[in-house]
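To keep things clear, I will list the structure first and then write my remarks on it.
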Amino acid sequence: MTDVLVDAPAERGIGHAVRRGLSGVAQLWLLAVIVAVWEVWTRTAGSPSFPPPSQILKELWDLYFSGPADHFFLTEQARTDFAPSLKNLFTGWALAGVAGVVLGLAIGRFRVAGLIVLPPLHFLRSIPPPTLIPFLLAVLDIGTPLQVTTIVFGVVWPVLLNTIDGVRSVDRLQLETARVFGITGARRLFRVVLPSAAPKIFAGLRVSLGFALILMVISELVGFGQGIGAHIIDAQHSFEMTQMWAGIVLLGILGCLFNLVFHLVERWALAWHGAARRNR
């Protein structure tokens, strides 16, 4: 009986790993089928606007990843496009994340503040960020200030609303227990409220990261700056369709990569939360 009890978790772990492996294989198989259909269809159609994936990937490699080894195989074009795009994206996302968490904590903890502040915030949230670009062009310099402001305004809302919801969802029993043990003020905020709200805060940050990538491209398309989005629109104006599609595919790859990295960070940061749920 003891051997069975000891081996059961290991068997469940192996079974879970096998299921995850099969799921990954199924996803790759579906992706391979989609790419193959795309390749056949585009070569059959022969449209200059829709090059086959093989040409797009070759263009992507030549354009961005065929550089010297001492520059991590990045070309000059890659350094020109990646640096401003990623700087603006992560600067805007980080500023929006900090602002969303701080405001969300304040509004979530103080009901009166929520009643006063939430109506105008909901009004601002309803404004599509790209519609503010003409105004931002008039009051800000073309380039980084406009792009970062556009990203911040567009991505702060998922973090803000998820933080408010997370803070208001904290178990009252936990708050009362903390009060009984003399944990009040800032200590209660950092030891009880923030850990309890962390899963929803991370969910808001993940959603906002995807929005940040979208708004980065939109701001570059109209902001007359440098970056991946600007290169895509330049290629379109020059009728370099393969280069344009290479930029589009690159954005898809970056989105998947960001999501994967964030997922790993989230799992590491919230490992205690998963263990607590399993124990319950």
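Coordinate-derived values only; no laboratory data. Since this is a predicted model, take the numbers as computed values, not measurements. Cβ: placed from backbone, ideal geometry, glycine included. Neighbour counts: every protein chain shown.
General remarks:
- Remark: segment 99-199 is approximated by an ellipsoid whose semi-axes, taken from the C-alpha gyration tensor as √(5λ), come to 35, 13, 10 Å, largest first.
- Prolate is the label for segment 52-133. Its Cα gyration tensor axes, ordered a ≥ b ≥ c, give a/c of at least 1.5 and a/b above b/c.
- Taking only the Cα atoms of the chain, the ratio Rg/Rh comes out at 1.06, with Rh defined as the Kirkwood radius.
- Packing, taken as the mean count of other beta carbons within 10 Å per residue, orders the peptides 120-128, 135-143, 83-91 from highest to lowest as 83-91, 135-143, 120-128.
- MRE, 222 nm, helices only [DSSP H, n ≥ 4, -39500 (n - 2.57), over the chain, to nearest 500]: -27500 deg cm²/dmol
- Label zone at His71, where the point sits 7 Å out along the Cα-to-Cβ direction: segment 208-241 residues whose backbone N lies under 18 Å: 226-228, 231
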